[in-house]
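The values are calculated or read from the model by the stated rules, or taken from the named source; none is laboratory data. None of the values given here were measured: they were computed from a predicted structure. Note that each Cβ is placed from the backbone with ideal geometry, even for glycine, and that neighbours are counted across all protein chains shown. To get the accessible areas, we keep the full protein, side chains included, count just its heavy atoms, and leave off ligands, DNA and RNA. Shrake-Rupley method; radii C 1.70, N 1.55, O 1.52, S 1.80 Å.
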Amino acid sequence: MTQQEMYSLICRSKTAFLGYTDESGKQNIRTVFSTFHKGIGVHLISTNTSSAHVQSLLKNGNACLYFADTSTFEALCLFGRAVVHFDREYKEMLWHPQDIRYYPGGVEDEDYCVVEFIAESGRFYSGSAENYKGDVTGEEIEAFSAGRTFTDHRAE
């Protein structure tokens, strides 16, 4: 799977699976909407500040983000870290008018935050590629993502 194919998979995936470790050391996975991407290396997720995954990520930012397309048997698991943002810049970037039903206080709602996932490496699987599985290094991720800006893939 090429890096461009990885990016295509990420862009067409409206949801992803966020893996993290909770305070008691148990592994957890949450389905999240992940539509804002800067290449394959940085991803933004809007979510509730009060959620268990945010509270855990504030204490331990080690995480993984998994994108999959079961119709083509393609998947990409990115390993890295998550940073929780409460500043208006990130919140405005991801804000959508329909979000008011989840965050009645708007962009400044105390229960609204943004998780930034920063990939450090990854592993891919592809049912149609000649190289059907393999690794992607942090250097490859960084090179592919260099110079890119965040792109919103909600409308696609």
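What the table shows:
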| read-out | value |
| --- | --- |
| In region 1-109, the GluC sites (Glu not before Pro) that fall in loop regions by DSSP, at most 15 other Cβ within 10 Å | GLU23 |
| Euclidean distance between Cα centres, region 111-142 to region 61-75, Å | 8 |
| Solvent-accessible area of ASP69 with every protein chain in place, 1.4 Å probe, in Å² to the nearest 10 | 30 |
| 222 nm mean residue ellipticity, helices alone, for the chain (DSSP H n ≥ 4; -39,500 (n - 2.57); rounded to 500) | -6000 deg cm²/dmol |
| Residue range of the chain that is longest and free of chymotrypsin sites (Phe, Trp or Tyr not before Pro) which are both DSSP loop and sparsely packed (at most 13 other C-beta within 10 Å) | 1-72 |
| Whichever lysines have a C-alpha closer than 30 Å to that of LYS59, once near sequence neighbours (fewer than 8 apart) are set aside | LYS14, LYS26, LYS38, LYS91 |
| Residue-by-residue Karplus 3J(HN,Hα) for region 95-105, coefficients 6.51, -1.76, 1.60, Hz, glycine and proline x | 4, 10, x, 5, 5, 4, 5, 8, 10, x, x |
| Nonlocal amide H pairs with ALA63, under 5 Å, H built at 1.01 Å | GLY80, ARG81, ALA82 |
| Long-range HN-HN contacts of THR2 with modeled amide H, under 5 Å | none |
| Distance-filtered residues of region 70-103 - backbone nitrogen under 18 Å, label point 7 angstrom along GLU140 Cα→Cβ | 74-80 |
| Integer Hz, Karplus 6.51/-1.76/1.60 couplings in order for region 61-76, x for Gly and Pro | x, 5, 7, 9, 10, 10, 10, 8, 10, 6, 6, 10, 6, 10, 8, 9 |
| Under the Karplus curve 6.51 cos²θ - 1.76 cosθ + 1.60, θ = phi - 60°, whole-Hz ³J(HN,Hα) for region 52-60, x wherever Gly or Pro sits | 4, 5, 5, 4, 5, 5, 5, 8, 9 |
| Under-5 Å amide H pairs with SER34, H placed in peptide plane, nonlocal only | THR15, ALA16 |
| Inter-label distance for ALA52 and PHE86, nm, one decimal - labels placed 7 Å from Cα along Cα-to-Cβ | 2.3 |
